[in-house]
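The values are calculated or read from the model by the stated rules, or taken from the named source; none is laboratory data. Note that the structure is a prediction, hence the values are computed from the model and not measured. Note that each Cβ is placed from the backbone with ideal geometry, even for glycine, and that neighbours are counted across all protein chains shown.
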Amino acid sequence: MKIIHTADWHIGKSVNDYSMLEIQRKLLVQMVDYIRNHNIDVLIIAGDVYDRAQPSQQAIALVNEVFSILIQELKIKVLVIAGNHDSPQLIEYGSSIFSTSNLYIEGTAKKEVQKVSVDSIDFYLLPFVAPYNYQQIVQDDAIKDFEAVYRHQLSTLEEEFDRDKINVLVAHGYMISGSMIPDKSDSMRPLSIGTVEYVDASLFSMFDYVALGHIHKPMKLAGTCYYSGALYKYSKSEVNYPIGFNVIEMVGKSLNVHRHLFDLPKDMRIMKGSFLDLLSGQSDDYIFFELEDEVYQFDAMKKLQLRYPYAMGLEYIHIKQKSSLPIKTSSVEDRGVLDLFSEFYGAVLKKDLTDKQKEYLIEIVKESEGQ
Ligand SMILES: [Mn+2]
């Protein structure tokens, strides 16, 4: 049996006002071709299928098209969980009907963890759920952080857990392993405020493979926990990530894991140099410029855009940003609403937001985003 593990598609995402939909489509076509040519049996998508809770029509249409090919034409099994960017209810819509066609979508956390058995492998699906919401679902006030959520979920599947089979966990969250703490990239949204975000991966040592989503950088944590990484690079901090997916092959009773890298039809990268040197070049890639000039260049971005139609941003790395305002204007576009509002609140009222206020603010931002 062969399995693909992918995550963090973030379909419909825009980066610095450029829609990623076309590059996303091209990469998904590559993935579908790979599945077609390599006899893949199962595709795992470990959360953040969409970038927002209310995705655009185009984003939904693309996912629908890909799922249809996988299910109807290639007849593979597709396992999907909700990430923190997805709407649990929306992504789960129709899932009880789709499951009869081998499309298993687990959006909302439930008292019972959903298990999907394919031959000798059991897949357990843990959609992303905030500790407070899980506390409501299982009516247990003691659940206050992500570790408690996972411990509780694992305890509910203990009885049916079959050690003689191969067991795969699918989850979306911030896992660490000992001192190995994955870097968070700029396009990741915090999972919670006021509680510990991360959980030690040793909690999942009973599984033969843990298919994780959330961290956009592909990596292997200790043991059998893997982040497949995102579908594409979604911020300047992600330009060096090797973008692709994990291919897991069952050989006897063990699993072989290797990476397949995408052939990027359009890269996202940093170009460093003097304004004049850069102006003599040309590229259709997504480019973040790092100018080495000691003085500001007149209309630099506009001029660069004539040679680089997908210029994403520009920074003078040798000029110190000075600003008399208490709010740092240098990187406003790269920062989240919560971060900016907290700074604004602190600057005006000379005190910090309380945890309750932060939670409230996150809710408001979430609600307003899709509208
Ligand atoms: Mn995420």
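Data for the structure
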{"quantity": "Qualifying residue in the stretch 91-102 (condition: within 23 Å of residue 128 (Cβ to Cβ), over 19 Å from the mean Cα position of the chain (by Cα), acidic (Asp, Glu) and more than 16 Å from the ligand (Cβ to nearest atom))", "calculated": "no"}
{"quantity": "Considering residues of the stretch 121-160 that are assigned to a loop (DSSP other than H, G, I, E, B) and either under 14 Å from residue 203 (Cβ atoms) or free of Cβ contacts under 8 Å to residues at least 40 places away in the same chain (or both) only, the residue farthest from the ligand (Cβ to nearest atom)", "calculated": "159"}
{"quantity": "Hits in the stretch 167-219 - residues which are farther than 30 Å from residue 357 by Cα, more than 19 Å from the chain's Cα centre (by Cα) and assigned to a loop (DSSP other than H, G, I, E, B)", "calculated": "178, 179, 205, 206, 207, 208"}
{"quantity": "Pairs, first in the same structural domain as residue 102 (by TED's automatic domain parsing) in the stretch 69-90, second within 11 Å of the ligand (Cβ to nearest atom) and at pLDDT below 95, C-beta under 8 Å, six or more apart", "calculated": "84/189; 84/191; 85/189"}
{"quantity": "Filtered residues of the stretch 220-250 (kept if outside any loop (DSSP other than H, G, I, E, B) and within 23 Å of residue 12 (Cα to Cα))", "calculated": "227, 236, 237, 238, 244, 245, 246"}
{"quantity": "Any hit, the stretch 226-234, residues being farther than 24 Å from residue 171 by Cα and in the same structural domain as residue 49 (by TED's automatic domain parsing)", "calculated": "no"}
{"quantity": "Options 40, 45, 4; residue that is within 16 Å of the ligand (Cβ to nearest atom), at pLDDT 95 or above and not in a helix (DSSP H, G or I)", "calculated": "45"}
{"quantity": "Condition met for residue 28 (of a type outside the set (Phe, Trp, Tyr), touching a residue at least 60 places away in the same chain (Cβ under 8 Å) and over 21 Å from residue 264 (Cβ atoms))", "calculated": "no"}
